[in-house]
Amino acid sequence: MKRKTCSKCKKSKGRQQFSKNASNVDGYDHYCKACNSKRMHKYFSTRKGKAAMDRATRRRKRR
Ligand SMILES: [Zn+2]
């Protein structure tokens, strides 16, 4: 199984520990899922993050 090193925690993890990101060369995120969720959690606790989440949910509901 191919492994990838997270650029945040510098740990080598299996590809399934990374979320897919088509904008990256290898198709996976630079950060592992653990770091990503931590980052998102921090982001969504800010006012800007809350507003973004609010917008995203509203858009999803309308669809
Ligand atoms: Zn990580």
Q: Determine whether region 52-63 contains at least one residue that is among the β-branched types (Val, Ile, Thr), outside any helix (DSSP H, G or I) and surrounded by fewer than 13 Cβ atoms within 10 Å (Cβ to Cβ).
A: no
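Listed here are the residues, each with its yes/no results for (1) within 10 Å of the ligand (Cβ to nearest atom); (2) charged (D, E, K, R); (3) farther than 24 Å from Ala56 by Cβ.
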{"site": "Thr5", "(1), (2), (3)": "yes, no, yes"}
{"site": "Arg15", "(1), (2), (3)": "no, yes, yes"}
{"site": "Ser23", "(1), (2), (3)": "no, no, no"}
{"site": "Gly27", "(1), (2), (3)": "no, no, no"}
{"site": "Lys33", "(1), (2), (3)": "yes, yes, no"}
{"site": "Asn36", "(1), (2), (3)": "yes, no, no"}
{"site": "Tyr43", "(1), (2), (3)": "no, no, no"}
Q: Go through (1) surrounded by 11 or more Cβ atoms within 10 Å (Cβ to Cβ); (2) modelled with pLDDT of 95 or more; (3) in a helix (DSSP H, G or I) one by one and return the number of the condition Lys42 breaks.
A: (1)
Q. So which residues in region 17-63 are in contact (Cβ under 8 Å) with a residue 12 or more places away in the chain and not hydroxyl-bearing (Ser, Thr, Tyr)?
A. Gln17, Phe18, Asp26, His30, Cys32, Lys33, Ala34, Cys35, Asn36, Arg39
**Q.** Test: Phe18 is aromatic (Phe, Trp, Tyr), in contact with a helix residue (DSSP H, G or I) (Cβ under 7 Å, 6 or more places away or on another chain) and modelled with pLDDT under 95
**A.** no
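The values are calculated or read from the model by the stated rules, or taken from the named source; none is laboratory data. For clarity, every value in this text was computed on a predicted model and none was experimentally measured. Methodologically, a virtual Cβ is constructed for each residue, glycine included, from the backbone with ideal geometry; neighbour enumeration extends over all protein chains shown.
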